[in-house]
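Student: Can you read through this structure? Questions will come right after.
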Amino acid sequence: MATLLHIDSSVFPGEASASRSITAAFRRTWQEKHPAGTVVYRDLAAAPVPHITAAAWTAGATDPSDPTPEQSAAFSTRVQLIEELERADAVLLGAPMYNFSIPSTLKAWLDSVILAGRTTGEHPSAQGTPAVVVASRGGSYAPGTPREGFEYVQNYLEAVLKGALGLAVDFIVPELTMAPRNPAMSQLIPRYEASRTRAFEDATAKAAELVERLAA
């Protein structure tokens, strides 16, 4: 039985969030195809993980037999998050673009699970785990667009998830999500709708493909 680690970080609930809507579609397909599997869910907006502190950071490099009480308490949260990642057979991550970057709550989660000598380094403990990232954004930052140079979400997550943690990363990118709400973008609504449809199709297909691959 496979375990899916599903993490959402949008501040908006349910259908009001493009990333949540698409991660939900992925998860539904996953559970339909693999009802005996396990889903570990973290909603970083509803229950944020602590931002990294000096105690939590230094505990990772301290002799395990000699931590301070503050280090022990802070590091226990990091260990819990790291173990969730290590036990996962696949990772599903909702990562909307806020002010050209990822939500601070998602950055806090990454700061906790990135631990030199364990999850990063020569042999990352979750190396090879497939990860699907739903990177939604209100505009378009695709190659050739005027704001291509402001795309820091995919570039950053590719570097961190693949480069540091060793995950096998695949992106789903629903864009122009502000078009239905912003009159100045009304001419882009057809492109938004096409992007949204494609994102849902990709989510369903990737979930089914992952279940089949893990069951083989």
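Student: Would you calculate, for the chain, the mean residue ellipticity at 222 nm contributed by helices, counting each DSSP H stretch of 4 or more residues as -39,500 (n - 2.57) and dividing by all residues, to the nearest 500?
Tutor: That comes out to -12500 deg cm²/dmol.
Student: If you don't mind, there's one more thing I want to ask. Mind checking the full-extension length gain between residue 156 and residue 198? Use 0.36 nm per residue of separation minus the Cα-Cα distance, one decimal, nm.
Tutor: 12.8 nm
Student: Relative to the compact-globule scaling 2.2 N^0.38 Å, provide the ratio for the alpha-carbon radius of gyration of the stretch 1-127.
Tutor: So the Cα radius of gyration is 1.15 times the expected 2.2 N^0.38 Å.
Student: Averaged per residue, what accessible surface does the stretch 123-172 expose to a 1.4 Å probe, in Å²?
Tutor: Dividing the accessible area of the stretch 123-172 by its residue count gives 44 Å².
Student: Name the residues of the stretch 5-28 whose amide N is less than 19 Å from a point 7 angstrom out from the Cα of residue 80 along the C-beta direction?
Tutor: In the stretch 5-28, the label zone of residue 80 (backbone N under 19 Å from the point 7 Å along Cα→Cβ) covers 5-9.
Student: Fully extended, how many nm does the chain gain between residue 215 and residue 191 (0.36 nm per residue separation, minus their Cα-Cα distance)?
Tutor: Stretched out fully, the residue 215 to residue 191 stretch lengthens by 5.0 nm.
Student: Along the three principal axes, how long is the stretch 65-112 when you take its alpha carbons, biggest first, rounded to the nearest angstrom?
Tutor: 41, 28, 10
Student: Run the numbers for residue 164 and residue 1: contour at 0.36 nm per residue of separation, minus the present Cα-Cα distance, in nm.
Tutor: So the extension gain works out to 56.0 nm.
Student: How about residue 33: which lysines have a C-alpha closer than 18 Å to its C-alpha, ignoring those fewer than 8 places off in the same chain?
Tutor: Straight-line reach from residue 33, under 18 Å: 206.
Student: What's the FRET efficiency of residue 181 with residue 11 using the Cβ-Cβ distance as r and R₀ = 22 Å, to the nearest 0.05?
Tutor: According to the calculation, E is roughly 0.90.
Student: Quick one: pull the percentage of alpha-carbon pairs in the chain with a separation above 27 Å.
Tutor: Across the chain, Cα pairs with separations above 27 Å total 34 percent.
Student: Residues in the stretch 72-104 near a label at residue 54, defined as backbone nitrogen under 20 Å from the 7 Å Cα→Cβ point?
Tutor: Zone members listed by number: 72-78.
Student: Hey, what's the per residue convex hull volume over the C-alpha atoms of the stretch 94-182, in cubic angstrom?
Tutor: Spelled out: Cα convex hull of the stretch 94-182, divided by residues, is 96 Å³.
Student: Among DSSP beta bridges whose residues both lie in the chain, state the antiparallel percentage, nearest 5.
Tutor: That works out to approximately 5 percent antiparallel.
Student: Carbon and sulfur atoms: what percent of the 1.4 Å accessible area of the chain do they account for?
Tutor: Heavy-atom surface of the chain belonging to carbon and sulfur, 1.4 Å probe: 55 percent.
Student: What spacing in nm lies between the two simple spin-label points modelled at residue 33 and residue 147, each 7 Å away from Cα in the Cβ direction?
Tutor: 3.2
The values are calculated or read from the model by the stated rules, or taken from the named source; none is laboratory data. It should be emphasised that the depicted structure is a prediction, and the values quoted were computed from it without experimental measurement. Using ideal geometry, Cβ is built from the backbone for each residue, glycine included, and neighbour counts are taken over all protein chains shown. Each accessible area value is taken on the protein alone, full model and side chains, heavy atoms only, with ligands, DNA and RNA left out. Shrake-Rupley method; radii C 1.70, N 1.55, O 1.52, S 1.80 Å.
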